[in-house]
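The values are calculated or read from the model by the stated rules, or taken from the named source; none is laboratory data. The shown structure was predicted, so the numbers you read here are calculated from the model rather than taken from an experiment. All Cβ positions, glycine included, derive from the backbone under ideal geometry; neighbour counts span all protein chains shown.
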Amino acid sequence: MRKEVAEKYNGFCRWIRIIHPYSYVHPSTKNGPGSMVFAGAIIQPDALIGDHVIINTGATIDHDCTVGNFVHIAPGVHLAGNVSVGEGSFLGIGSTVIPNKKVGKWSIVGAGAVVIEDLPDFSISVGIPARPIKQVERG
């Protein structure tokens with residue numbers, strides 16, 4: 001839905017970045033327009049945060065991560081270094097991704113899941129370790 005709203009009003013309004021004063025965002029990061037960083041979140045050096053991204057309470061994004069447009073990082077999610085999260089994905093509360101792994105676009109990672117292998121596009125993955133259990137409908 002965020003993508004639809006952004007596309008509908010693109011050019012009509014100016015999207016801003018909102019960064020809570022009790023979060024830490026390293027100066028070398030790039031945060032896209034329409035992105036929001038909530039209290040307690042930490043974003044480390046050289047992370048790239050796309051447009052209209054939500055980085056929720058207490059989430060950590062380590063160095064050199066790439067978070068695609070319209071991603072939602074739920075509270076307490078931890079991304080280790082050099083993780084890639086594809087456009088439109090949702091990482092559930094307390095999920096973790098180890099270094100150098102990829103979460104495919106428009107995918108869902110369940111609460112508390114631990115990603116230790118790359119996950120495909122349009123998948124729903126749960127568990128420890130996270131395993132795809134279902135494909136997401138492409139809309």
Seminar exercise, completed: Residue pairs qualifying under the 6 Å Cβ cut-off, at least six apart or on distinct chains, with the first in region 104-120 being assigned to a loop (DSSP other than H, G, I, E, B) and the second being aromatic (Phe, Trp, Tyr), are Trp106/Phe122
Exercise. Where residues in region 121-139 are of a type in the set (Val, Ile, Thr) and in a loop (DSSP other than H, G, I, E, B), which of them is modelled with the lowest pLDDT?
Worked result: Val136
Problem set entry | Hey, Ser89 at pLDDT 95 or above, over 16 Å from Thr60 (Cβ atoms) and either acidic (Asp, Glu) or within 14 Å of the chain's Cα centre (by Cα) (or both) or not | yes
For this session: Residues being assigned to a loop (DSSP other than H, G, I, E, B), touching a Phe, Trp or Tyr at 6+ places or on another chain (Cβ under 8 Å) and closer than 18 Å to Gly81 by Cα: count how many of those fall in region 45-55.
Result: 1
Problem set entry | Residues (closer than 25 Å to Asp64 by Cα, out of contact with any Pro (no Cβ under 6 Å at 6 or more places or on another chain) and not in a helix (DSSP H, G or I)) located in region 1-26 | Ile16, Arg17, Ile18, Ile19, His20, Pro21, Tyr22, Ser23, Tyr24, Val25
Seminar exercise, completed: Of the listed residues (Ser95, Ser23), the one being among the polar types (S, T, N, Q) and under 18 Å from Ile128 (Cα atoms) is Ser95
Exercise. Out of all the residues in region 27-44, which are over 10 Å from Asp62 (Cα atoms) and either in a loop (DSSP other than H, G, I, E, B) or among the aromatic types (Phe, Trp, Tyr) (or both)?
Worked result: Pro27, Ser28, Thr29, Gly32, Pro33, Gly34, Ser35, Phe38, Ala39, Gly40, Ala41
